[in-house]
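Asks: Okay, here's the structure, questions in a sec.
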Amino acid sequence: MVYKIKDKGLILSKIKTKSNSLNIKAGNLEMTFTDGFMSIDCFTILAWGVKNAPHYRYLIK
């Protein structure tokens, strides 16, 4: 997830968490990060299927 945040152009030394939410039953995490100039939303999603073992997906918007 750090590489995806870095690709968005945030200044890593100034990043702060603005808000976060954790859904333990679903295994999902939602966070908003800011560096004082730009804010981004980050999500982890627990995914699985018939062919795939349970795994996390990382989404940055």
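The values are calculated or read from the model by the stated rules, or taken from the named source; none is laboratory data. Since we're looking at a predicted model, the values are computed, not measured. Positions of Cβ are backbone-derived with ideal geometry, glycine not excepted, and every protein chain shown enters the neighbour counts. Side chains are part of the model used for accessible areas, which takes the heavy atoms of the whole protein and leaves out ligands, DNA and RNA. Shrake-Rupley method; radii C 1.70, N 1.55, O 1.52, S 1.80 Å.
Asks: Step by step: first the residues of the range 36-58, then only those that are part of a strand (DSSP E or B) and among the polar types (S, T, N, Q), then the one that is nearest to residue 9 (Cα to Cα). Which residue is that? Even if it seems obvious, please write down each step before you answer.
Replies: Taking the range 36-58 as the starting set, the residues that turn out to be part of a strand (DSSP E or B) are 39-47, 55-58.
Next, only the ones that are among the polar types (S, T, N, Q) stay: 39, 44.
Details: 39: 10, 44: 20 Å.
Within the range 36-58, the match that is nearest to residue 9 (Cα to Cα) is 39.
Asks: Please state which of the following conditions residue 33 fails to meet, knowing it meets all the rest: (1) surrounded by 10 or more Cβ atoms within 10 Å (Cβ to Cβ); (2) free of Cβ contacts under 8 Å to residues at least 24 places away in the same chain; (3) not in a helix (DSSP H, G or I).
Replies: It fails just one condition, (2).
Asks: Of the conditions (1) in a strand (DSSP E or B); (2) open to solvent by 70 Å² or more (accessible area, probe 1.4 Å); (3) modelled with pLDDT of 80 or more, residue 13 satisfies every one except a single condition; which number is it?
Replies: Just one mismatch for residue 13, condition (1).
Asks: Now, a different point. Can residue 7 be described as in contact with a strand residue (DSSP E or B) (Cβ under 9 Å, 6 or more places away or on another chain) and surrounded by fewer than 10 Cβ atoms within 10 Å (Cβ to Cβ)?
Replies: Answer is yes for this residue.
Asks: Could you check the range 44-61 and list, in sequence order, the residues that are under 16 Å from residue 1 (Cβ atoms) and either touching a residue at least 40 places away in the same chain (Cβ under 8 Å) or open to solvent by 60 Å² or more (accessible area, probe 1.4 Å) (or both)? Before the answer, list the steps.
Replies: First pass over the range 44-61, keeping only residues under 16 Å from residue 1 (Cβ atoms): 44-47, 55-61.
If the condition is that a residue be under 16 Å from residue 1 (Cβ atoms) and either touching a residue at least 40 places away in the same chain (Cβ under 8 Å) or open to solvent by 60 Å² or more (accessible area, probe 1.4 Å) (or both), then 44, 45, 56, 57, 58, 59, 60, 61 are the ones that fit.
Asks: I'd like the residue in the range 16-30 that is in a loop (DSSP other than H, G, I, E, B) and of a type in the set (Gly, Ala, Ser) and, out of all such residues, is most open to solvent (accessible area, probe 1.4 Å). Walk me through it before giving the result.
Replies: Within the range 16-30, the subset in a loop (DSSP other than H, G, I, E, B) is 24-27.
Keeping just the survivors that are of a type in the set (Gly, Ala, Ser) gives 26-27.
Numbers: 26: 37, 27: 17 Å².
Out of the qualifying residues, it is 26.
Asks: Between 22, 46, 29, 10, which is of a type in the set (A, V, I, L, M) and within 9 Å of the chain's Cα centre (by Cα)?
Replies: Working: 22 fails: within 9 Å of the chain's Cα centre (by Cα); 46 fails: within 9 Å of the chain's Cα centre (by Cα); 10 fails: within 9 Å of the chain's Cα centre (by Cα).
So the residue among 22, 46, 29, 10 that is of a type in the set (A, V, I, L, M) and within 9 Å of the chain's Cα centre (by Cα) is 29.
Asks: Scanning for something of a type in the set (A, V, I, L, M) and modelled with pLDDT of 80 or more, does the range 17-28 turn up at least one residue?
Replies: Residues of the range 17-28 of a type in the set (A, V, I, L, M): 22, 24, 26.
Filter once more, keeping what is modelled with pLDDT of 80 or more: none.
No.
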